[in-house]
Amino acid sequence: MALNLSGATVVLLPGTGSDDDYIYRVFAPALHDVGATVVTPPPNPNRLVDGYRDELDDAARSGPIVVGGVSIGAAAALRWALDHPSLALGVLAALPAWTGSPADAPAAHAARHTAHVLRRDGLASAVAQMRASSPQWLGEELTRSWVSQWPALPDAMEEAAGVVAPTSDEMESLAVPMGVAAATDDAVHPIEVALEWVSAAPHAALRTVTLDEMGADPAALGRACLAALLDA
C-alpha cells in the first residue's frame, strides 16, 4: 500500500555545498501537492553531518517523520532512518553519491578537490573556476550557496568526503519504503549507486531524470523521487 503523506512532516537535507533554498525548490512542489509539511533546515558547514542528525532528532520529537536529501544529505537521512526505525516513515534519496566507503567515489574526490581549490585560490577564484566547468544553472545555484557558507565551506566539503554511507548489507534492514532518484547523465552521482541502493533495500524504487531537466525545473528531481517513494 502506498505511503500516505497527507499531514506528514518531511525533513530534507541538502547536498555538500548546496543549501536549503535549493532543496526546498526541488521537493516542496511535489510534496505540497500530496499534503505534506516540508522542513528544510539550513546546513551548518561547521558541523555538517552532526548538524543534520540534530535537525532530524529535533523534528522527530513530535512523532515519526519522512526523511530525505540530496547526495550526502540522502546518505545522512538514510543513516538516520536505519538508526531510528520507529521514527522514520520513509526515505527520499536523490542523487545518492556512494555506498559504504567514499574512497573511490567521484563525488568524494570532487569535494576534496574543491576544498583544496577553495583554500589555495580563495572563494572568488574557485567560484569562477566552478562556473566555467558547470552547466549555467548549477553554477548559479552553487555560487549563491558557496558564498553563504564561506569560510567554513572547505571544512564541510572535506567532512562530507569522509562520510561512510550505509552499506548494502545495512540497507537490507530498512523496513520503510525508499524512493531513489538519479540523473542518467550525472558522472558525479553515478546511476549505478542509485541502482545499488534500490537493489539492497527491501522496499525501494527508482526514477530518473537528466541534468537538463533539473536545470529547466528543479522540481523535476523532487517529483521523480516522490514518484519512486510512492511506488516502493
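The values are calculated or read from the model by the stated rules, or taken from the named source; none is laboratory data. Predicted, not measured: the structure shown is a model, and the values here were computed from it. Neighbour counts run over all protein chains shown; Cβ positions are idealised from the backbone, glycine included.
Against the definition (within 12 Å of the chain's Cα centre (by Cα), more than 18 Å from SER148 (Cβ to Cβ) and either at pLDDT below 95 or buried (at least 16 other Cβ atoms within 10 Å of the Cβ) (or both)), how does TRP98 come out, yes or no?
On the way: within 12 Å of the chain's Cα centre (by Cα): yes; more than 18 Å from SER148 (Cβ to Cβ): yes; either at pLDDT below 95 or buried (at least 16 other Cβ atoms within 10 Å of the Cβ) (or both): yes.
Spelling it out, TRP98 is indeed within 12 Å of the chain's Cα centre (by Cα), more than 18 Å from SER148 (Cβ to Cβ) and either at pLDDT below 95 or buried (at least 16 other Cβ atoms within 10 Å of the Cβ) (or both).
When you check ALA111 against the structure, is it without any contact (Cβ under 8 Å) to a residue 12 or more places away in the chain and not assigned by TED's automatic domain parsing to the domain that holds THR16, yes or no? Break it down into steps so the answer makes sense when it comes.
On the way: without any contact (Cβ under 8 Å) to a residue 12 or more places away in the chain: no; not assigned by TED's automatic domain parsing to the domain that holds THR16: yes.
No.
For residues in the stretch 106-115 being within 16 Å of the chain's Cα centre (by Cα) and buried (at least 22 other Cβ atoms within 10 Å of the Cβ), which is farthest from THR184 (Cα to Cα)?
Filtering the stretch 106-115 for residues within 16 Å of the chain's Cα centre (by Cα) gives 106-108, 110-111.
So of that shortlist, the ones also buried (at least 22 other Cβ atoms within 10 Å of the Cβ) come out as 107-108, 111.
Working: ALA107: 15, ALA108: 19, ALA111: 20 Å.
Selected residue: ALA111.
Which of (1) of a type in the set (Gly, Ala, Ser); (2) in the same structural domain as MET171 (by TED's automatic domain parsing); (3) not in a helix (DSSP H, G or I) is the odd one out, the single condition ALA76 does not satisfy?
(3)
How do the pairs read when you match residues in the stretch 179-193 that are farther than 13 Å from THR99 by Cβ with residues anywhere that are of a type in the set (Lys, Arg) and part of a strand (DSSP E or B), using Cβ under 7 Å and keeping only pairs 6 or more apart or on different chains?
ALA181/ARG207
Just to be sure before I move on: is GLU192 in a helix (DSSP H, G or I), at pLDDT 95 or above, in contact with a helix residue (DSSP H, G or I) (Cβ under 8 Å, 6 or more places away or on another chain) and among the acidic types (Asp, Glu) in the structure I sent? Talk me through it step by step, then tell me what you get.
Numbers: in a helix (DSSP H, G or I): yes; at pLDDT 95 or above: yes; in contact with a helix residue (DSSP H, G or I) (Cβ under 8 Å, 6 or more places away or on another chain): no; among the acidic types (Asp, Glu): yes.
Judged against the criteria, GLU192 is not a match.
May I ask you to verify whether ALA128 is part of a strand (DSSP E or B), among the aliphatic types (A, V, I, L, M) and either surrounded by 19 or more Cβ atoms within 10 Å (Cβ to Cβ) or not assigned by TED's automatic domain parsing to the domain that holds GLY90 (or both)? Working first, answer last.
Numbers: part of a strand (DSSP E or B): no; among the aliphatic types (A, V, I, L, M): yes; either surrounded by 19 or more Cβ atoms within 10 Å (Cβ to Cβ) or not assigned by TED's automatic domain parsing to the domain that holds GLY90 (or both): yes.
So ALA128 does not fit the description; no.
Modelled with pLDDT of 95 or more, among the aliphatic types (A, V, I, L, M) and buried (at least 21 other Cβ atoms within 10 Å of the Cβ): is that true of MET171 in this structure? Steps first, please.
Working: modelled with pLDDT of 95 or more: yes; among the aliphatic types (A, V, I, L, M): yes; buried (at least 21 other Cβ atoms within 10 Å of the Cβ): yes.
Criteria met by MET171.
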